[in-house]
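Have a look at the structure below, then the notes.
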Amino acid sequence: MTQIASAMLLCAGMGTRLGELSSQCPKPLLPVCNVPILRYGITNLVAHGITNIVINLHHRGDLITSELGDGSDLGAKISYSFEEEILGTGGGLKRALPLLDPKETNAPILSMNGKLIFDLDIAGLLESFLAAGDTLGMMVVQRAPNAMKWGAVDVQPEGDGLRVHNILGEGSHMFCGVHMTRASVLKNIPEGEACTVRQGYLPWIQDGGRVSAFEHRNGYFAEHSTPKRYLQSNLDLLRGAALRFPPAQALSSIAESAQIDPSATITEPVCIGDGATIGANCKIGPDVVIGENSTIGEGSALREAVVWKSVQFSGSADKEIITPNARIPASGADDVDA
């Protein structure tokens, strides 16, 4: 897919609704089945032939660069755009243009929120974008029963495709946090902090500009802005939610180097990482992820739980996330807003 200049993974947010989780780890690095979220997105991009990837950074950006480096182990070439002050989804893209389109080819640029695990048909998106002709951008949308709570997108048929008539009003679709545009369009984003939607597409549409939509109908989609959504994504992938281009690591497995006491009961699906230790008489599963080098003490019982790497834990956990520093409940009502 050489027709795409590059892709931007937006990773400069603070992740405030994740509370203690984001204080320990930036949202794009949250481990889902022991694989950082960003690696899912990069794997999908590379599988579609997109290897020039730019990531913007702010909160704990050092952890992201340490995890991904130059991207060579994933078959990518990763560049970073550091933001001393958060510039938003639009301002961040505009600042990164010299990295996104260094040869000024004005080829399509794909922007994706770094908090997503998204089985997106990127080839189909590109085909639709090119077929749309003179469009400012193409937003990836999907139908949602509660679309207005997410910030609804009103899309209507136009020719063989879809046109966006309004955003953040009434509509039956939600914006998935992914869009395709060009450098010539992004140059029109206001200077400084700016949102691609609120300071870009929305006022341009109101002025008569044409913005298109690509409807995501099949394939997994998850974002991870709350503990409940984060836990659910782990459970979905444990239970076999399909990804056309999954990461190299098995998402439901027991590592050969894991040490499990013979008296422990393991009820699949589980994901138990390298070097993990499960003590005597433990009951693990179903739906449990245990990170590498973590130790679960004798007699512990876990179900629908995620244990991060290098954790020492004893006791019972149900619908919880266990980190080296905290236990975070992940049940009850969920804030819908993205």
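The values are calculated or read from the model by the stated rules, or taken from the named source; none is laboratory data. From a predicted model like this one, the values you see are computed outputs, not experimental measurements. Note that we place each Cβ from the backbone using ideal geometry, even for glycine, and neighbour counts take in every protein chain shown. Accessible surface areas use protein heavy atoms only, side chains included; no ligands, DNA or RNA. Shrake-Rupley method; radii C 1.70, N 1.55, O 1.52, S 1.80 Å.
Inside region 282-292, residues that are open to solvent by 10 Å² or more (accessible area, probe 1.4 Å) and either among the small types (Gly, Ala, Ser) or under 11 Å from Ile272 (Cβ atoms) (or both) make up a count of 2. Taking Ile4, is it in contact with a Leu (Cβ under 9 Å, 6 or more places away or on another chain), of a type in the set (A, V, I, L, M), buried (at least 19 other Cβ atoms within 10 Å of the Cβ) and modelled with pLDDT under 90? Yes; evaluated as a whole, the condition is true for this residue. Considering region 209-226, the residues that are assigned to a loop (DSSP other than H, G, I, E, B) and either hydroxyl-bearing (Ser, Thr, Tyr) or within 29 Å of Pro36 (Cβ to Cβ) (or both) include one that is most open to solvent (accessible area, probe 1.4 Å), namely Arg217.
Is it the case, given these coordinates, that Gly19 is of a type in the set (Gly, Ala, Ser), closer than 25 Å to Ser310 by Cβ, open to solvent by 10 Å² or more (accessible area, probe 1.4 Å) and in contact (Cβ under 8 Å) with a residue 12 or more places away in the chain? Criteria met by Gly19. Taken over region 313-336, the criterion of being among the polar types (S, T, N, Q), open to solvent by 10 Å² or more (accessible area, probe 1.4 Å) and within 22 Å of Pro36 (Cβ to Cβ) is satisfied by Asn325 alone. Looking at region 61-159, the strands (runs of 3 or more DSSP E) lying wholly inside it that each contain 3 or more residues that are buried (at least 21 other Cβ atoms within 10 Å of the Cβ) and aliphatic (A, V, I, L, M) sit at 109-113, 138-143, 152-158. Can you say whether Asn34 is closer than 20 Å to Phe118 by Cβ and open to solvent by 40 Å² or more (accessible area, probe 1.4 Å), as far as the supplied structure shows? In short, yes. The condition (being touching a residue at least 60 places away in the same chain (Cβ under 8 Å) and in a loop (DSSP other than H, G, I, E, B)) is satisfied by just one residue among Gly13, Gly49: Gly13. Hey, does region 46-53 have a residue that's out of contact with any strand residue (DSSP E or B) (no Cβ under 6 Å at 6 or more places or on another chain) and open to solvent by less than 30 Å² (accessible area, probe 1.4 Å)? Checking region 46-53: at least one residue is out of contact with any strand residue (DSSP E or B) (no Cβ under 6 Å at 6 or more places or on another chain) and open to solvent by less than 30 Å² (accessible area, probe 1.4 Å).
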